[in-house]
Each structure stands twice: as C-alpha cells, then as structure tokens.
Amino acid sequence: MEKKYGFAYTKTHVNFVSYYKNGAWDEGQLVNDDTLTLSKMSTSLHYGQEAFEGMKAYRRPDGDVQLFRPYENAKRFKMTCERIMMPAIEEEAFVRAVIKTVRANIDFVPPYDSRATLYIRPYMIGIGHNLGLKPSNEYLFGIVCVPVGTYFGPASKPVDVIVSDVDRAAPNGTGHVKVGGNYAASLMVQSRAKQMGYADALFLDPISHTKIEEVGAANFFAITKDGTYLTPMSPSILKSITNMSLMTIAEHVLHMPISRDDILIDHLDHLEEAGACGTAAIITPIASITHHGKKHVFPAHETIGKTTKKLYELLTGIQFGDVPDFDHWTLKIIE
Ligand SMILES: *Cc1c(COP(=O)(O)O)cnc(C)c1O
C-alpha cells in the first residue's frame, strides 16, 4: 500500500540535543525522548529567544540520501542566533549534527518514488531560570526530523492568496532572520486567510504597503511577460535559499534575465506567472491575489505555468539527484 505523506508530526527514532552552559557547548547527543523539561522562566518562553531552520533530506533514485545546500542553512542559523544574542553554532558543527541526526533516522527518509522528504528542523532556545529581560546564560540546540509530503499540496495546482492588512515584520526588525516571534505575529492573518478559503496571506512592505514582500512563510517570485525572473528585495524579507537557488537556475540553466525589484501590488499586469517558494512550499504556483476586494488573476492560473514548471523540475531534480548537481549544492549522507 502506498503511504500518504502530509505535513503532520510523526516521531522518528532519535533527535539531537546539545546544551550550552558556562560559556561552552557540550558534545551533543541523540536521544529518543521528543519532549523537554525546562525552567518555567526560560527566555524562549517569555521573550521569544528562539531561532530555527528548515531543510530537507532527499532520497535519490539510487537509494542514497542527500541534503540540499546545508551550509546555507548553517550560515543563516548563525546569523539568526547572533541577531537575538544566542551563542552561535559553527557552520561545520551545525552540518555535522544534521548529518548525524539524519543518518540515525535514515529509514524515515521516504522512498524516491513518493517524492516525499525528511523535513529537518534545527532550533535553538534560551533556557534556565531567568527573570529580567536579558539574554539567557543557557541554551539548547536541537534537531528534530519528520517525514513530510508537500506543504501546499500538489505543485500543479495554483493557489489563491489574499493580501494581509497587518505586517509580518518591522523595517530594521527581525524579518530577515528565522526567529520564532515572526511567525507568532503572522498566525492571525494566516488563519483568517484560510477561513476565507485562501491558501495563505500575502504580506506587503511594512512602510508603504504598496509592494509585495512574502507569501506566508515563503518568498514571492514572478515570471514577467517578457520572460524575466522577478523577485522583490527588502530588508524585511527572509533570504530564502530556495529563491536564491531558483535565481541561479533561471540565470545559468534557463538563460533568463533576473531582476530583484519592487513588485507593486496595484501593477501586476506585466506578470505572466507567480509563485511562492521555500523549503516547505517547494514551488507553489499562485493563481490569484486578492487585495481590497479586487482579485487579480494571473494568466497561468489553471495549471502551473511553463517557466514555473521548468524551474520546479530543475530544482527538485537537483534536490533528489535526477539532474546533475549544480556547483556542489548537494551533500550525500554516507551511511
Ligand atoms: C523559511 C522561510 C522562507 C523560505 O526559505 P528557504 O530557505 O527557501 O526554506 C521564506 N520566507 C520565510 C518568512 C521563511 O521563514
């Protein structure tokens, strides 16, 4: 019987935990317990001192397992931790811990044919007894992994999104890093969007509310009518590794012009295709954007647009190992 993969939590054999105390990280270890006992005065609980990453392990056609650009996640995790005054994990140590965790859970990596993956969630939290608003002295760095399907459902089906009337992140705030607080702030609009039948909320820039920033917890990109890969640039956008990879693929494989420029919410007529991209979302085509009661429908709204489809096939092809690797993007897990 074919197993169905969704985006729900299932427990795997082990998860990684490492503790920081007296100014140093311990070796870290794999544990079976997926619960935690911690001080009720932990800074993560009261002040949101929490950071996370999202990455995946892919089963190749030859049965081996590989990671996609793990050093990029390591770099971003370090930057996120530093932004909220948490002790950094060196990039090598981060990747080593990810490999160790995946290797110990290797039978949870879904088969190649399922196109499902093992989602990997590294995180760091401030722990210990604290009261005042200051960085904690103690931290936990952990890695949990979960077999998953796609986040938004089949990639061929474009989704409808609605513009949010609240902001996700402040200018000069923490929008560019993966800290937990950003996502608590977006829960309300996301659930309202879903109640109204939309797949997610679309965020505009927090200063002028005229330019597209992100789609829920994914980056926004579009293919213009003249064939340019267009994605917005702003300090409150999270720098998606998926988006960065798509730009490289578009430029160097599909030989498309790339543009990082403002996308005005009231001027969408020059766009042929639109999509959301990220590790969880992969590439999800966007059929329409609703703003102030007006629905803009993209020409490629019934099924995935032809350029988005090519990008999807190249990206997932590299991730799963069907398409030759691009400049050492993938890292095999040797069992
Ligand atoms: C994680 C995340 C993304 C996607 O980043 P990837 O590195 O591609 O997974 C995009 N936007 C937000 C807000 C995110 O948290």
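The values are calculated or read from the model by the stated rules, or taken from the named source; none is laboratory data. The shown structure was predicted, so the numbers you read here are calculated from the model rather than taken from an experiment. We place every Cβ from the backbone using ideal geometry, glycine too, and count neighbours over all the protein chains shown. We work out accessible area using only protein heavy atoms, side chains counted, and drop any ligands, DNA or RNA first. Shrake-Rupley method; radii C 1.70, N 1.55, O 1.52, S 1.80 Å.
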Total charge of the residues flanking Arg168 in space, meaning their Cβ is under 9 Å from its Cβ, with Lys and Arg +1 and Asp and Glu -1, is -3
Is there a pair in Lys100/Lys309; Lys211/Lys239; Lys225/Lys306; Lys75/Lys310; Lys157/Lys310 whose C-alpha atoms are over 23 Å apart, and which pairs would that be?
-> Lys100/Lys309; Lys75/Lys310
Tell me, what % of the accessible area of the range 1-87 is carbon and sulfur with a 1.4 angstrom probe?
-> 53 percent
How large is the charge dipole for the chain, taken about the Cα centre, if only the Cβ atoms of Lys, Arg (+1) and Asp, Glu (-1) carry charge, to the nearest 20 debye?
-> 560 debye
Output for the range 142-238 (equivalent-ellipsoid semi-axes, sqrt of 5λ from the C-alpha gyration tensor, Å, descending) is 20, 20, 16
Report the label-to-label distance for Met244 and Glu313 in nanometres (one decimal), using points 7 Å from each Cα along the Cα→Cβ vector.
-> 2.7 nm
Candidates Leu133, Leu38, Leu67: whichever shows maximal mean-square fluctuation once the chain is modelled as a Gaussian network with Cα springs under 10 Å = Leu133
Do you know the relative contact order of the chain, to the nearest whole percent, from alpha carbon pairs under 8 angstrom that are 6+ apart?
-> 20 percent
Cβ-placed point charges (K, R +1; D, E -1), dipole of the range 228-335 about Cα centre in debye, nearest 20 = 200 debye
From the P(r) of the range 54-108, can you give the percent of Cα pairs sitting at distances over 17 Å?
-> 42 percent
Farthest positive-ward along the chain dipole, Cα basis, beta-carbon charges - from Ile125, Leu45, Thr330 = Leu45
Peptides ranked, highest mean first, by Cβ atoms within 10 Å: ranges 19-31, 95-107 = 95-107, 19-31
Stokes-Einstein, Kirkwood over Cα pairs, the range 142-198, 37 °C, 0.692 mPa s; D in µm²/s equals 236 µm²/s
Here the relative contact order (percent) of the range 1-106, from C-alpha pairs under 8 Å and at least 6 apart, is 22 percent
Which semi-axis lengths, in whole Å and largest first, follow from the square roots of five times the eigenvalues of the Cα gyration tensor of the range 256-335?
-> 31, 13, 12
Quick note, the range 1-141: a/c under 1.5 would make it rounded; otherwise a/b > b/c is prolate and the rest oblate (a ≥ b ≥ c, C-alpha gyration tensor); here it is prolate
A correct Kirkwood calculation over the Cα atoms of the chain returns a hydrodynamic radius in Å of 20.7 Å
Dipole of the chain, positive end: most advanced residue of Ala218, Thr80, Gly180 [Cβ charges, Cα centre] | Gly180
The range 208-255 and the range 143-201 have their Cα centres apart by a whole-number Å value of 16 Å
Neighbourhood charge, 13 Å Cβ-Cβ cut-off, centred on Tyr312 and excluding it, Lys, Arg +1 and Asp, Glu -1 = +2
